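Enquirer: After the structure tokens below, expect a handful of questions from me.
Quick note: the coordinates plus some simple rules give every number you see, no bench work behind them. Because the structure is a prediction, the values reported are computed rather than measured. Cβ placement follows ideal geometry from the backbone for every residue including glycine, while neighbour counts extend to all protein chains displayed.
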Amino acid sequence: MRVFSIFIFVLIANISFAQDANSLFKAIGNSDVTTLSANFSNDMEICIGTKQDFYTKAEAKARLTKFFSEINPKSSNFLHKGNAKDNSSEYSVGELNSAKGKYRVFIYYEGAKVVGLMFTPE
């Protein structure tokens, strides 16, 4: 019974994480910075191509608003998720289709907070 309970807990946690990732990628595809930023940590890293910097939550929202206005996102989809070997952090991977081309998107989490976003042109 204990093994079954643990299995159910892990299954529910994975489904919940996948649903959260799906909503974040949907927000990216819709240029919805408000929804996307709801789970941002107070300080986070954003990497767009080769430009990488650390931002406060407010600065990150402004940077993403500018980026989305420059590339005009059309759609985005969640591909898969994973976690660090020590389970200290998680990530999800997806792709973004925009008027300026495709991007591979990585979202990094610590707990329930987004601590990093990376947009790599394909």
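Enquirer: Which entries in 81/102; 26/61; 66/102; 61/85 show an alpha-carbon gap greater than 22 Å?
Expert: Cα-Cα > 22 Å for 61/85; rest within.
Enquirer: Shifting gears a bit: Along the charge dipole of segment 11-122, pointing to its positive end and built from +1/-1 on Cβ of Lys, Arg, Asp and Glu, which listed residue (58, 69, 79) has its Cα farthest out?
Expert: The residue sitting farthest along the positive end of the dipole is 69.
Enquirer: Could I ask something else about it? Calculate the dipole size of segment 2-121 relative to its Cα centre from +1 charges on Lys and Arg beta carbons and -1 charges on Asp and Glu beta carbons; express the result in debye to the nearest 20. Let's see the in-between values first.
Expert: Values: 14 positive and 11 negative charges, 58 e Å.
Dipole size: approximately 280 debye.
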